[in-house]
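Asker: Provided herewith is a single structure, encoded as structure tokens, for subsequent inquiry.
The values are calculated or read from the model by the stated rules, or taken from the named source; none is laboratory data. Quick caveat, the model's predicted, so the values are computed rather than measured. All Cβ positions, even for glycine, are placed from backbone atoms using ideal geometry, and neighbour counts span all protein chains on display. Side chains are part of the model used for accessible areas, which takes the heavy atoms of the whole protein and leaves out ligands, DNA and RNA. Shrake-Rupley method; radii C 1.70, N 1.55, O 1.52, S 1.80 Å.
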Amino acid sequence: MIVDCLSCFKAYVKLHKSFSNVLNFVKNHSLNMLEEGRYSLLGEEVFLSINRYKTQADKDFEAHKRYIDIQMVLEGEECIEWCPLNKTQVKTTYDKDKDIMFLSGMGQKLEAKPDLFFIFFPEDAHKPGLPSHTPEYVKKAVFKIKV
């Protein structure tokens with residue numbers, strides 16, 4: 001898992017060949033202006049989901065096998081809890097079609113605010129969408145990069 005300021009994202013481009021697609025998209029588009037939905041950057045290799053939701057406390061960890069998540073809060077604030085995948089217990093077995101499994105465990109809470117990004121690799125269980133203080137509406141960008 002990586003968390004850093006969006007202005008520093010360029011330093012991480014060397015970690016995966018498709019991270020440069022994310023950097024170019026962020027540089028050339030105002031993410032805040034995008035409507036909710038899915039945007040293809042490179043077919044199924046790299047795509048973006050823009051979502052708006054209300055944070056909630058009762059959530060499970062999730063993890064993915066086929067995609068890396070790069071998450072950015074665009075409006076509002078939330079907490080994201082992180083835990084190494086090998087420190088969790090499976091609650092719902094892996095769904096290959098949706099590339100997701102749900103888990104339980106104890107993790108570390110991180111504040112997610114605009115101008116930060118989070119990279120979650122397949123070995124990172126993460127629990128996004130938790131309230132930072134009180135439940136609030138959040139707009140979020142989630143880039144999915146095929147492993």
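Asker: Give the shape of segment 1-74 as rounded, prolate or oblate, defined through the alpha-carbon gyration tensor: a ≥ b ≥ c are the square roots of its eigenvalues, a/c under 1.5 means rounded, and otherwise the shape is prolate if a/b is larger than b/c and oblate if not.
Answerer: Rounded, because the longest to shortest axis ratio a/c is under 1.5.
Asker: Take the residue pairs Lys17/Lys59; Lys17/Lys91; Lys65/Lys127; Lys10/Lys127 and return only those whose Cα atoms are more than 27 Å apart.
Answerer: Violating the 27 Å Cα-Cα cut-off are Lys17/Lys59; Lys17/Lys91.
Asker: Would you look at the GNM of the chain, springs on alpha carbons closer than 10 Å, and say which of Ser20, Ser49, Ser30 moves the most?
Answerer: Result: Ser30 has the largest fluctuation of those listed.
Asker: Between Leu48, Ile70, Thr92, whose Cα lies farthest towards the positive end of the dipole of segment 33-106 when Lys and Arg beta carbons carry +1 and Asp and Glu beta carbons carry -1, centred on the Cα centre?
Answerer: Of Leu48, Ile70, Thr92, it is Thr92.
Asker: Within segment 49-147, what whole-number % of the accessible surface is contributed by carbon and sulfur, with the 1.4 Å probe and all protein chains included in the calculation?
Answerer: Whole-percent figure for carbon plus sulfur exposure: 50.
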